[in-house]
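A quick write-up on the structure given underneath.
The values are calculated or read from the model by the stated rules, or taken from the named source; none is laboratory data. From a predicted model like this one, the values you see are computed outputs, not experimental measurements. Please note: Cβ atoms are built from the backbone with ideal geometry, for glycine as well, and neighbour counts cover all protein chains shown. These accessible areas exclude ligands, DNA and RNA; they are computed on the full protein's heavy atoms, side chains included. Shrake-Rupley method; radii C 1.70, N 1.55, O 1.52, S 1.80 Å.
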Amino acid sequence: MDAAPERVVLIHYHEIGLKGRNRGRFERQLLTNITHALKGLTRGAVRRLSGRIILELPPDARIGAIRKRLADVFGIANFSEAVRVPNAIEPIRAAAWEVVRQEDFRSFKIAARRGDKNFPLTSEEINRDVGAHVQTLSGARVKLDDPDLTCYIEVAYQGVFIYTRKTPGPGGLPVGANERAVSLLSSGIDSPVASYKTMKRGVRLSFVHFHSQPYTNRSSQRNTEELVRVLTRYQYRSTLYLVPFVEIQRRVMTHAPPGYRVVLYRRVMLRIAEAIAEREGAQALVTGESIGQVASQTLSNIRAIEEATPLPLLRPLSGDNKEEIIDLARRIGTYDVSIEPYEDCCTVFVPRHPETRANLNTVREIEPKLDLPPLIDQALKATEVMTVKY
Ligand code: ATP
Ligand code: MG
């Protein structure tokens with residue numbers, strides 16, 4: 001009797017748009033990220049194999065835990081627990097039956113794909129051969145359109161993979177496959193979701209949070225640390241910059257018209273984030289702004305704020321509704337942390353009626369009088385840096 005078929009997880013990613021050099025980098029990064037994501041779990045080797053990634057499963061692997069981790073790895077289109085057999089029709093037939101007999105079905109189809117062009121049977125011939133075998137043993141009927149069960153057979157050069165279920169991954173691109181950005185992370189609902197959407201495009205983030213201690217308690221800082229911990233699940237290692245903001249707020253409060261305070265705070269936040277981006281080798285900044293969501297997020301204000309930095313500002317939520325943002329926050333695990341009560345720097349220092357149409361010329365007139373650069377330098381010097389590991 002042959003050895004039992006090898007158990008693996010077969011991981012698929014979308015290859016569209018992945019050509020030449022990019023593709024190799026993408027695949028290597030995905031492989032690295034998968035090994036990070038599985039940290040602490042019993043597993044076998046992880047290998048690239050002609051357009052797929054194979055994770056070998058030792059007998060004591062905890063598949064439930066592995067499945068949960070893989071479902072969060074950006075770049076994975078879908079994955080399947082599969083058996084791997086040698087490239088010959090007899091072992092394929094036997095293994096296909098072993099796989100499908102564990103399922104309850106009255107109709108089925110075989111979906112073979114032949115990547116190994118040296119394999120003697122075509123995909124169609126494999127379908128017919130294995131289909132006949134399964135039909136005889138199960139008594140179920142073959143149904144090509146919407147069957148109860150589909151048995152997938154992928155014939156690769158390095159083995160044949162057989163499985164019945166595909167678990168969707170999050171899609172996107174592996175974090176680290178693209179350049180870096182700095183995300184402005186409050187402890188609210190929006191910016192963690194904006195961070196998630198940016199990481200999903202392969203961008204590695206560093207986080208910056210502005211706090212108003214000792215005027216506020218440590219809750220916003222603790223919530224932010226917790227949010228970074230949740231978000232680190234998607235990029236495995238994060239740096240969080242905690243910037244003291246009180247002196248700047250005090251200066252703005254005492255020297256600028258109330259309506260312009262929020263715009264001025266935000267402009268300073270961007271300048272500080274820009275300095276951090278420089279240090280991190282990051283190419284862009286990310287915020288959780290959504291057009292029109294609050295009075296301060298009008299297009300005029302966005303324009304007046306953005307002008308403070310030459311770096312591109314990414315606003316992945318700009319077109320999203322609040323419900324959509326909350327829904328995603330729940331799914332990625334940040335919502336419960338974001339709704340914890342906290343004292344945000346902005347809840348303490350924000351005027352009741354912020355300007356909704358900030359004028360850039362007015363901003364340019366007020367700002368120089370505040371003599372902010374020395375305060376910005378001071379804030380940067382007093383910034384605490386934390387590393388969060390997965
Ligand atoms: P969020 O839900 O992310 O707090 P919001 O809807 O409260 O956003 P604003 O308060 O206008 O909106 O903030 C807009 C964006 O500015 C935030 O999404 C975040 O990117 C950034 N930001 C605001 N406050 C802070 C802070 N204390 N530290 C870091 N970034 C901040
Ligand atoms: Mg907020």
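Values for this structure:
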{"quantity": "Single match in Ile34, Ile53, Ile76 (criterion: farther than 21 Å from Thr198 by Cβ, open to solvent by less than 40 Å² (accessible area, probe 1.4 Å) and among the hydrophobic types (A, V, I, L, M, F, W, C))", "calculated": "Ile53"}
{"quantity": "From the options Ile76, Ile92, Ile153, Ile110, residue that is part of a loop (DSSP other than H, G, I, E, B), modelled with pLDDT of 95 or more and not charged (D, E, K, R)", "calculated": "Ile76"}
{"quantity": "Residues that are touching a residue at least 60 places away in the same chain (Cβ under 8 Å), surrounded by 14 or more Cβ atoms within 10 Å (Cβ to Cβ) and at negative phi, drawn from segment 112-163", "calculated": "Gly115, Tyr152, Ile153, Glu154, Val155, Ala156, Gln158, Val160, Phe161, Ile162, Tyr163"}
{"quantity": "Per-region count, segment 45-71, residues in contact with a Gly (Cβ under 6 Å, 6 or more places away or on another chain) and assigned to a strand (DSSP E or B)", "calculated": "1"}
{"quantity": "Those residues of segment 57-73 which are open to solvent by 30 Å² or more (accessible area, probe 1.4 Å) and within 28 Å of Arg204 (Cβ to Cβ), in sequence order", "calculated": "Arg67, Lys68, Arg69, Ala71, Asp72"}
{"quantity": "Any chance Arg7 is part of a strand (DSSP E or B) and either in contact (Cβ under 8 Å) with a residue 60 or more places away in the chain or surrounded by 19 or more Cβ atoms within 10 Å (Cβ to Cβ) (or both)", "calculated": "yes"}
{"quantity": "Selection within segment 156-193 - β-branched (Val, Ile, Thr), within 16 Å of ligand 2 (Cβ to nearest atom) and not in a loop (DSSP other than H, G, I, E, B)", "calculated": "Val193"}
{"quantity": "Segment 164-190 residues that are open to solvent by 30 Å² or more (accessible area, probe 1.4 Å), paired with ones that are within 16 Å of ligand 2 (Cβ to nearest atom) and part of a strand (DSSP E or B) (beta carbon under 9 Å, 6 or more apart)", "calculated": "Ser186/His209; Ser186/Phe210"}
{"quantity": "Scope segment 216-262; condition closer than 25 Å to Arg357 by Cα, within 16 Å of ligand 2 (Cβ to nearest atom) and not basic (Lys, Arg); matching residues", "calculated": "Phe245, Gln249, Val262"}
{"quantity": "Residue under evaluation Lys200, criteria (1) modelled with pLDDT of 95 or more; (2) within 16 Å of ligand 1 (Cβ to nearest atom), criterion not met", "calculated": "(2)"}
{"quantity": "Scope segment 14-34; condition modelled with pLDDT under 95 and within 18 Å of Glu56 (Cβ to Cβ); matching residues", "calculated": "Glu27"}
{"quantity": "Residue among Gly188, Gly176 that is at positive phi and not polar (S, T, N, Q)", "calculated": "Gly176"}
{"quantity": "Conditions (1) within 13 Å of ligand 1 (Cβ to nearest atom); (2) in contact with a strand residue (DSSP E or B) (Cβ under 8 Å, 6 or more places away or on another chain): number failed by Ile325", "calculated": "(2)"}
